[in-house]
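Engineer: Here it is, the structure in full.
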Amino acid sequence: METYADLLTTIAPSTGETRTIFDPATGEAVGEAPVHGVADLERAITAATAAQPAWAALGHEGRSAALLRAADAVEHSAEELAQLLSREQGKPLNGPNARFEVGACAAWLRTAAVTELTDETVVDDGATHATLHYRPIGVVGAIGPWNWPMMISVWQLAPALRMGNAVVLKPSEYTPLSVQALIHVLNSELPEGVLSVVCGGREVGARLAEHPEIGKIMFTGSTATGQAIIKSSAGTVKRLTLELGGNDAGIVLPDADPKAIAEDLFWGAFINTGQTCAALKRLYVHEDIYDEVCNELAAVAAAMPMGHGLDEANVLGPLQNKAQYDIVSRLVEAAKESGARVLMGGDPDTGQPGYFYPTTLVADIDNDNPLVAQEQFGPALPIIRYSTVDEAVAMANGLDVGLGASVWSADLDAARSVAARIQAGTVWINKHGAVDPRIPFGGAKQSGYGLEFGVEGLKACGVPQVING
Ligand code: NAD
């Protein structure tokens, strides 16, 4: 059986340089990541351009078969991948974390492989015959974040490969080892050059976004970087799928059962220790059940152990990096200074190694507090009291992002009608963040554009072509 160290083979960086990656829970070294530069990116793009026509020529059937074999390979190496992911990203093996993420990689690969995409007849009236097809784009660039590094890489590469493209992937500089290991495993089932990973910083990402041989960029990360990518891709009019930041609202209607929803509310907010794009980041609770929801949520939260990811008991881990730890600390401090009531947490033990921030619930907080208005991306949830549904909907819609949202109620029809008024790409009912490879996912407002998953996700990785005649 391979160990994760065996999974770290990659293209040697032309600089010869490597960089030590440290465990965010302990500060111990996890491994050495290559420092690739723009010259390495050029090599990867040249190889991808050469390999793409033969990959496209395999057709959907051949490519789907390869993706299914790649999913099997991920499952074969699942435990090694999960251990490496846990050490590099910090997320525990258990809970909706590292093993779950590796399982999701296999699930998304399989769904991308088996989702049917048929040519569409648009008009066939005797006089006109027009059909719509989706052709390969060529070489797709994928740029990803550090929170779900393996899963989000698969979200990008699986539909792109299925549609006959080659892919050059640039992982976050915080989590290059996990993505390299995943690509190593996938490449055991893919032709050479079709999929490669270049572990550079933002200059490599920026070059990928402007490169004339790249036909599309799939980007997941912050809104600010998404804006930079729009600018650098403009010169070549690249196709873009942008999955950007969010600050998801959840609205609990007065008829909800606080005890029944508490655990799902908790995981909606604290999945991956809050470092999730479509996590619940602002919870609006009706005044009639406000105290009860706060108490039930605190009881669930108190029972969720946080600690080193390789300890099987833990379900919450550290923040992945110091910058993110500082953001969460700053926002919780701002809430405390404003007089908001800290129900639990909010007092990190700065004497401990690692970027652990305790599970934090903040009640009686104003909607314009920075902890509410900014994406905290960590284990700190503000709970805002409201009196009328109109007021809650206005607060939910008050920001310039709109990735996900949720409505919690015993009355499905009432929840659906509130959901329809929320400006977000997905609104879940009585759950939050439940992404599914069969169901399209994407953002509204400054959370981005373009859809991933399902047949829409496949179409987004092709060039539409009409044949009229
Ligand atoms: P980030 O924007 O800082 O970095 C993402 C990637 O972009 C990294 O690989 C980085 O090297 C690269 N990059 C940086 N500057 C670049 C440039 N000028 N040109 C090209 N590439 C560049 O994001 P992050 O901190 O890694 O991730 C956290 C953010 O991602 C949060 O805002 C979160 O909400 C968002 N996110 C969104 C989704 C989604 O599906 N909508 C999913 C996960 C994370």
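The values are calculated or read from the model by the stated rules, or taken from the named source; none is laboratory data. Every value quoted in this text rests on a predicted model; they were computed, and no experiment measured them. Here the Cβ is made from the backbone with ideal geometry for all residues, glycine too, and neighbour counts use every protein chain on show. Just so you know, the surface numbers come from the protein's heavy atoms only, side chains and all, with ligands and any DNA or RNA stripped out. Shrake-Rupley method; radii C 1.70, N 1.55, O 1.52, S 1.80 Å.
Engineer: I'd like to check one number: the per residue accessible area of the chain, probe 1.4 Å, reported in Å² as a whole number.
Structural biologist: 38
Engineer: Oh, and also: At 20 °C and 1.002 mPa s, what whole-number value in µm²/s does Stokes-Einstein give for the translational diffusion of segment 284-347, with Rh from the Kirkwood sum over Cα pairs?
Structural biologist: In µm²/s, the coefficient is 153.
Engineer: Now a separate question. Starting from the Cα gyration tensor of the chain, multiply each eigenvalue by 5, take the square root, and state the resulting semi-axes largest first in whole Å.
Structural biologist: 37, 28, 19
Engineer: Can you give the angle from 0 to 90° between the axis of helix 149-162 and the longest principal axis of the chain, with both taken from C-alpha atoms, to the nearest 10?
Structural biologist: On a 0 to 90 degree scale, this one is about 40.
Engineer: Determine the shape class of segment 11-114: with a ≥ b ≥ c the square roots of the Cα gyration tensor eigenvalues, call it rounded for a/c under 1.5, and otherwise prolate if a/b is greater than b/c, oblate otherwise.
Structural biologist: Since a/c reaches 1.5 but b/c is at least a/b, the shape of segment 11-114 is classed as oblate.
Engineer: If the cut-off is 25 Å between C-alpha atoms, which lysines fall inside it for K238, apart from same-chain ones fewer than 8 positions away?
Structural biologist: Candidates past the 8-residue exclusion: K170, K216, K445, K459.
Engineer: So, one more: Between segment 282-341 and segment 45-78, what is the separation of their alpha carbon centroids in Å?
Structural biologist: 41
Engineer: In addition: Can you list the trypsin sites (Lys or Arg not before Pro) in segment 304-372 that are in a DSSP coil and have 15 or fewer other beta carbons within 10 angstrom?
Structural biologist: Answer in residue order: no site qualifies.
Engineer: Follow-up. Just for the chain, what percent of DSSP beta bridges are antiparallel, to the closest 5?
Structural biologist: Percentage antiparallel, nearest 5: 40.
Engineer: Only sites in a loop by DSSP and with at most 15 other Cβ atoms within 10 Å count here; which GluC sites (Glu not before Pro) in segment 21-118 make the cut?
Structural biologist: Within segment 21-118, the qualifying GluC sites (Glu not before Pro) (loop, at most 15 other Cβ atoms within 10 Å) are E28, E116.
Engineer: In whole Å, how far is the Cα centre of segment 376-409 from that of segment 205-235?
Structural biologist: The two parts, judged by their Cα centres, are 30 Å apart.
Engineer: Using a 7 Å offset from the Cα along the Cα-to-Cβ direction at both A299 and E333, what is the distance between the two label points in nm, to one decimal?
Structural biologist: 3.5
Engineer: Something else: Express as a percent, rounded to the nearest 5, the fraction of DSSP beta bridges in segment 40-197 (both residues included) that run antiparallel.
Structural biologist: 35
Engineer: DSSP loop (so not H, G, I, E, B), at most 15 other Cβ within 10 Å: list which GluC sites (Glu not before Pro) in segment 251-320 pass both filters.
Structural biologist: E312
Engineer: Right, here's the next one. May I ask you to compute the full-extension gain from E42 to V455, defined as 0.36 nm times their residue separation minus their alpha-carbon distance, rounded to one decimal in nm?
Structural biologist: Full-extension gain reported as 145.5 nm.
Engineer: Only bridges with both residues in segment 248-436 count here: give the DSSP antiparallel percent, nearest 5.
Structural biologist: 10
Engineer: Normalized C-alpha radius of gyration of segment 248-436, against 2.2 N^0.38 Å?
Structural biologist: 0.96
Engineer: Okay, next question. 7 Å from Cα along Cα→Cβ at both A50 and A224: what's the point-to-point distance in nm?
Structural biologist: Distance between the two pseudo-spin positions: 3.9 nm.
Engineer: How many nm is it between the label spots at D255 and L58, if each spot is 7 Å from the Cα in line with the beta carbon?
Structural biologist: So the two model labels end up 5.1 nm from each other.
Engineer: Here's another thing I want to ask about it. Assuming 0.36 nm per residue, please report the length gained on full extension of the stretch V123 to E287 beyond their Cα-Cα distance.
Structural biologist: Fully extending the segment from V123 to E287 adds 53.6 nm.
Engineer: Once neighbouring chains are kept in place and the probe is 1.4 Å, which whole percent of the accessible area of the chain is contributed by carbon and sulfur?
Structural biologist: For the chain, the apolar C and S fraction of the accessible surface comes to 54 percent.
Engineer: What does a probe at E28 reach in segment 75-104, counting residues whose amide N is under 13 Å from the point 7 Å along Cα→Cβ?
Structural biologist: Only 84, 87-88 pass the distance filter.
Engineer: Aspartates and glutamates near K259 by alpha-carbon distance under 19 Å, same-chain residues fewer than 8 away left out - which ones?
Structural biologist: Partners within reach: E287, D288, D291, E292, E296, D411.
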